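Working notes for the structure below.
No value in this document is a laboratory result; all are computed from the given coordinates. Just so it is clear, the structure is predicted and the values come from calculations on it, not from any experiment. Cβ sites come from the backbone with ideal geometry, for glycine too, and all protein chains shown count toward neighbours.
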Amino acid sequence: MEMMARESGSRSCPIWLLVNPKHPSVRYYIWTPVLAIIQDKVFREIHKRIDTSDIFIWNVVRESGLVPNTLNWWGAEVDAEIESFRALVLEHKPKLLITFGAFPYEFLRRVYELKPQKGPKYWGTAKLREEFESSIENFDITETNRIPLLRRVVESGKFIEGNNYYCQEDVENYFCYVGTKIAEKIIANQDGLTNWVE
């Protein structure tokens, strides 16, 4: 299993990724294709590119052994991690805070003290889709926008399920759909972002 530093990138970057340390490869298998769609659409529309060199990446918990399971969903150690991350978010106020899968998204909800708290089985593809749609609909560049993405798309049967839930047309895939939606918000709010390639 790939080991990942607790954090990388710059805390001052307006785009943050929140990653489960048990699944660090989401940066490559989910984020990279989504980012490619974002960059393509942004460049075609406004002839700019997002500087991705300092995108801030944070492991939800400091070690994978702290990731809750269905028997012990949240322990005291995870609560301490929530408090630590809450302080970071309040200090730096990122514009886009992107999560991958159930645990990072519920972790982030608890950082923002959103109720009711949910268990591990709640955040399936359909629920994450609803949250993604809501985050796009309510996007506000003056606030931190919490954007949930799936953790698995290609590696399992979730691709078809994700495709059916996320896409308007059969030919459009998950990466294209979410990348386009995020890019549209970035384009519409380009003056509120500071991480453009000079």
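Quick look at the numbers
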| quantity | calculated |
| --- | --- |
| Cleavage-rule hits, trypsin sites (Lys or Arg not before Pro), the stretch 116-146, DSSP coil, Cβ neighbours within 10 Å at most 13 | LYS121 |
| In order through the stretch 36-45: 3J(HN,Hα) via Karplus (6.51 cos²θ - 1.76 cosθ + 1.60), integer Hz, x for Gly, Pro | 4, 5, 4, 4, 4, 5, 4, 5, 5, 7 |
| Point-to-point label distance, GLU143-PHE43, nm (Cα→Cβ direction, 7 Å offset) | 3.3 nm |
| LYS115 versus ARG6: modelled label distance in nm, points set 7 Å from Cα along the beta carbon direction | 3.1 nm |
| Ascending count of other beta-carbon atoms within 10 Å, so fewest first, for HIS92, HIS23 | HIS92, HIS23 |
| Spatially proximal lysines relative to LYS93 (Cα-Cα < 17 Å; intrachain offsets below 8 disregarded) | none |
| Placed amide H near ASN145: partners under 5 Å, 5+ positions off or other chain | LEU96, LEU97 |
| Estimated vicinal HN-Hα couplings, Hz - the stretch 5-22 in sequence order (Karplus 6.51, -1.76, 1.60; Gly, Pro = x) | 4, 4, 8, 8, x, 10, 5, 7, 5, x, 10, 10, 10, 10, 10, 6, x, 6 |
